[in-house]
1. Any idea which of Leu197, Leu148 is farther than 21 Å from Pro115 by Cβ and either among the β-branched types (Val, Ile, Thr) or in the same structural domain as Ala258 (by TED's automatic domain parsing) (or both)?
2. Kindly indicate whether any position in the stretch 56-68 is buried (at least 16 other Cβ atoms within 10 Å of the Cβ), farther than 20 Å from Gln186 by Cα and either outside the structural domain of Thr33 (by TED's automatic domain parsing) or touching a residue at least 60 places away in the same chain (Cβ under 8 Å) (or both).
3. Among (1) modelled with pLDDT of 95 or more; (2) under 21 Å from Leu182 (Cα atoms); (3) surrounded by fewer than 20 Cβ atoms within 10 Å (Cβ to Cβ), there is one condition Pro115 misses while meeting the rest; what is its number?
4. State yes or no: is Ser151 over 15 Å from Ala139 (Cα atoms), surrounded by 18 or more Cβ atoms within 10 Å (Cβ to Cβ) and at pLDDT 95 or above?
5. Spot the failing condition for Asp162; the list is (1) at pLDDT 95 or above; (2) within 24 Å of Leu288 (Cβ to Cβ); (3) surrounded by 15 or more Cβ atoms within 10 Å (Cβ to Cβ), and only one is missed.
6. What are the residues in the stretch 16-43 that are more than 13 Å from Leu5 (Cα to Cα) and part of a loop (DSSP other than H, G, I, E, B), if any?
7. Are any residues in the stretch 189-211 in a strand (DSSP E or B) and surrounded by 17 or more Cβ atoms within 10 Å (Cβ to Cβ), and if so, which ones?
8. Condition first: closer than 30 Å to Ser281 by Cβ, at pLDDT 90 or above, surrounded by 17 or more Cβ atoms within 10 Å (Cβ to Cβ) and not hydrophobic (A, V, I, L, M, F, W, C). Can you find one or more residues in the stretch 217-235 that meet it?
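The values are calculated or read from the model by the stated rules, or taken from the named source; none is laboratory data. Remember, predicted model here, so these are calculated numbers, not experimental data. Note: ideal-geometry Cβ built from the backbone for every residue, glycine included; neighbour counts use all protein chains shown.
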Amino acid sequence: MLNFLARSLIEFGNGASNRGMQTSARFLYRFATVVRPRWSSPWYNLGFEAKYRCDWEASARFNERAASLSPDDEASWWNLGIAATALGDWALARRAWRGCGIEIGEGSGEVSLPPATACVRLNPNVSGEVVWGTRIDPARIEIRNVPLPDSNRRYRDILLNDGAAEGTRRSGDHEYPVFNELAVWQPSSYSTFQSWLSMEDAEAKAHLIEACEVNDIGFEDWSSVRMICAACSRGSLEPHDCCATEPKDGAKSYGFGATTRESLVEALNSWSNGAVGRSFSVPNLVQLAA
């Protein structure tokens with residue numbers, strides 16, 4: 001009888017959660033833990049719900065309880081790892097990742113793994129812009145693109161990412177997972193700038209990219225950003241009709257991530273003076289995010 005009641009409470013809680021009634025869902029999950037305190041599912045659901053509220057202390061507490069009751073449940077360990085990373089509790093994070101079968105080195109400091117290329121979906125419940133990044137551990141990605149200004153994200157922000165990939169992106173012969181952002185773990189020191197530049201050929205663009213790399217400046221051709229629907233965003237991208245149109249006047253919009261305006265102006269002036277057919281005007285450089 002208690003098993004049936006607890007399962008019913010979980011089902012009602014899931015239904016409430018799906019309808020956006022999170023307070024009711026939490027109450028029902030809590031009730032289920034009273035009815036069956038040694039059943040891991042309601043504890044996991046409480047931790048799962050707390051994760052999406054970014055209540056990291058609650059998420060860590062509930063997922064640690066779920067993992068202790070069901071040590072083979074990788075999902076509980078994974079969500080515990082995310083919560084521990086958000087809190088900077090590296091001992092707990094190491095224990096959680098090992099519970100998932102991930103090899104983590106010894107030590108007491110910040111968890112780090114060999115960097116790997118991945119993508120992250122910014123503000124997944126709003127705009128859903130996907131950018132490229134470097135995955136530095138199972139729960140964190142550093143942005144390596146210059147995000148669009150509406151995202152309120154910046155070049156080299158470190159984001160907390162969810163565990164399950166939702167879709168992929170292809171570069172060359174390789175396909176890379178896309179993870180949803182959960183929160184900003186560490187804001188970067190870079191500001192976002194926009195400028196309209198003219199150039200005659202692909203060599204000029206290659207030199208611009210090189211100049212940005214040398215000066216540790218993020219670079220993005222915002223004129224070539226591809227706008228797609230939400231369904232496509234969460235799946236593998238095939239040839240698609242929703243590409244952005246080219247500006248009619250020949251000038252293109254570029255995004256830059258730089259620590260100072262002065263360093264960016266110096267780099268762009270050096271680039272534009274390097275050959276004929278390149279145009280940059282300081283008044284056209286706009287700072288979008290500090």
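1. Details: Leu148 fails: either among the β-branched types (Val, Ile, Thr) or in the same structural domain as Ala258 (by TED's automatic domain parsing) (or both).
Leu197 is the lone residue from the list that is farther than 21 Å from Pro115 by Cβ and either among the β-branched types (Val, Ile, Thr) or in the same structural domain as Ala258 (by TED's automatic domain parsing) (or both).
2. So in the stretch 56-68, the residues buried (at least 16 other Cβ atoms within 10 Å of the Cβ) come out as 56, 58-67.
Of the ones still in play, those that are also farther than 20 Å from Gln186 by Cα are 58, 61-67.
From the residues that got through so far, the ones that are either outside the structural domain of Thr33 (by TED's automatic domain parsing) or touching a residue at least 60 places away in the same chain (Cβ under 8 Å) (or both) too are none.
For the stretch 56-68, residues buried (at least 16 other Cβ atoms within 10 Å of the Cβ), farther than 20 Å from Gln186 by Cα and either outside the structural domain of Thr33 (by TED's automatic domain parsing) or touching a residue at least 60 places away in the same chain (Cβ under 8 Å) (or both): absent.
3. Looking at each condition in turn, Pro115 falls short on (1).
4. Judged against the criteria, Ser151 is not a match.
5. Result: Asp162 fails condition (2) only.
6. Correct list: Arg19, Gly20, Met21, Arg38.
7. To start, the set of residues in the stretch 189-211 that are in a strand (DSSP E or B) comprises 191-198.
The answer is Ser191, Thr192, Phe193, Gln194, Ser195, Trp196, Leu197.
8. yes
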